[in-house]
1. Mind listing just one residue for me: the one in region 144-201 that is of a type in the set (K, R) and in contact (Cβ under 8 Å) with a residue 12 or more places away in the chain and, of those, nearest to L131 (Cα to Cα)?
2. Being outside any helix (DSSP H, G or I) and either in contact with a Leu (Cβ under 8 Å, 6 or more places away or on another chain) or crowded, with 24+ Cβ neighbours inside 10 Å (or both) is the filter here, so list the residues in region 357-377 that pass it.
3. Of the residues in region 248-282, how many are modelled with pLDDT of 90 or more and crowded, with 16+ Cβ neighbours inside 10 Å?
4. Among the candidates F380, F388, F402, single out the residue that is over 30 Å from I501 (Cα atoms), crowded, with 22+ Cβ neighbours inside 10 Å and either without any contact (Cβ under 8 Å) to a residue 60 or more places away in the chain or not polar (S, T, N, Q) (or both).
5. Taking into account only those residues within region 323-356 that are modelled with pLDDT under 90 and surrounded by 15 or more Cβ atoms within 10 Å (Cβ to Cβ), which is farthest from the chain's Cα centre (by Cα)?
6. Can you report the number of residues in region 323-346 which are farther than 23 Å from Q271 by Cα and touching a residue at least 40 places away in the same chain (Cβ under 8 Å)?
7. Can you say whether A228 is over 16 Å from F166 (Cα atoms) and within 20 Å of the chain's Cα centre (by Cα), as far as the supplied structure shows?
Amino acid sequence: MIKIENGSLELLLVNSFVKRINDRLDKYIFSAVLLLLSLISIFTFIYYYKNGLGLSYNDARSHLDIARRVVEGLKPGLAQLGSVWLPLPHALMIPFVWNDFLWHSGLAGAIVSMVSYVGTGLIIYRFLKNLGVGMLGRLTGVFVFALNLNVLYLQSTAMTELLLLFTMTVGVYELVMWHVSDKIFRLIKAAFWIALSTLVRYDGWFLLMWASGLIVYHVFKKKGYRAAEGTLIFFGTLAAFGAGLWFLWNLAIFEDPLYFAFGPYSAHAQQEQLLEAGNLATKGNLWLSAKIYFFALIYSTGALTLAFGAIGAVLFFLNDKVKESVKFGASALMAPLAFNILALYFGFSVLFIQGLSGNTWFNVRYGVMMMPTIAILVGFLIDKLKSFRWVIIGLLLFVTFFAFTSVDAVTIDDARVGSSQKNVSEVSGWLRANAKDEKGFVLISAASHDAIIFSSGLPMKRFIHEGTGAYWESATTGPEHWARWIVMRTYDENDQTYKLIKNTVGFKNDYDKVQSFPFADIYEIKPEYLDRLNFEANLGKQK
């Protein structure tokens, strides 16, 4: 029988009571954070929607169109998910994008980003709690992330960054929890979330490799080679499942498992064009790659916030009270930093900083990928530097206030005036005014002109593009039988429409150029040849 002294029993009861109070308080605060983040998310979407900024990114309109083509068009179906952009963001939009308002307002895609925004804020809170960070540090970390203007803007759009941030941050969180507990269920959850991240963007593939290395090291150190090998196979089978499916998808749909990597619409093909034009200066230059991404971090996260995050990183990784296994697991938070620098170095990515590389902005939003990491490290810093915590919080509030009053968000600049935007209002406006109430199909390359398709306001079934199968093949062979209007960049071989129809007899003889805009030209079939056209989709159901 164990004998407990009265004093010890009283202390035990007090500690138990305090723990229950703290747990209840934590639950209430967690719920309050959930509510507050949700309200911020909704308010911010409405603000950018009313200001017409939610659809400024060309890519946002393309993401919405990809999802829409799954449910509506001349050849609807899952094959419309395509080959270059990974499928999860578009698949998650499908339940919403069938509605015209949700499609054209951008809300069908923003819903995914908004939920991801709230989820990322909550997981930052949980991450800091499990690192032993007090309530003030947790709340500071959450709102360093949640009140970043670039994050707020991107969460109001159909862009994929917020979904990637959410899946990667949860995956790293579960990976750290597995390093702490060695419980297999934690490893399964880490594999699940990392697998999801590999279906959002290719950054997730790099995280998969990083996490695999950490797992091998952790198990090998504790149990040896055999156990490490088995654990890696177990984790890899689950975590790489999405990437494996993507190879199979490309093989089944495009008859090439590497079509997404080396196909005509791949990032590789685009980078080759940039390289030929001399616009890929970071390739093969590690210092310049690091420098460019460092400036993207400054513009995306804020110089002061980044500095505090760097100090927090030093304190975290040098802190003797943090277990080595936790430090190794948490190192996966640095995966976006390493990935983006290496992607620039190997020429897999391009990033322009106005005044430093190129005369415009492009992909500067990639700096946002480190925001959850920086938020967690700032929260840790607040908890450890107790003597300076209010000074740090005061400075953060100061710079946040001025960021809001000046609307200082580089992602908005990139979307409005940088290379990430395409001013297609003239072309799409002409189509809306001249083709909306008339019968006939529009021949256009979705790869080059998705923004025009979206902004025209015409139903997706009015367009013949690369994804319409037999309609595209027939229209690019004999456009005069299918296309009342043709939209393309004349003399641009990168525009698939021009490349395929430029030498056809029908195009040369039967069409007039009715409008020429800086971004694209519009051709219309001559009135005397209207009776040759097909005005109905009569090729039947295609596979």
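1. Per the criteria, the residue is R186.
2. Those that are outside any helix (DSSP H, G or I) and either in contact with a Leu (Cβ under 8 Å, 6 or more places away or on another chain) or crowded, with 24+ Cβ neighbours inside 10 Å (or both): S357, W361, F362, N363.
3. Qualifying residue count, region 248-282: 2.
4. Residue meeting the stated conditions: F380.
5. My answer is Q354.
6. So the answer is 9.
7. no
Conditions tested, residue by residue: (1) surrounded by 24 or more Cβ atoms within 10 Å (Cβ to Cβ); (2) part of a helix (DSSP H, G or I); (3) among the aliphatic types (A, V, I, L, M).
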| residue | (1), (2), (3) |
| --- | --- |
| R126 | no, yes, no |
| R138 | yes, yes, no |
| N150 | yes, yes, no |
| A158 | yes, no, yes |
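The values are calculated or read from the model by the stated rules, or taken from the named source; none is laboratory data. These figures come from a predicted structure and were not determined experimentally. Neighbour counts are summed over all protein chains in view; Cβ atoms, including those assigned to glycine, are modelled from backbone coordinates with ideal geometry.
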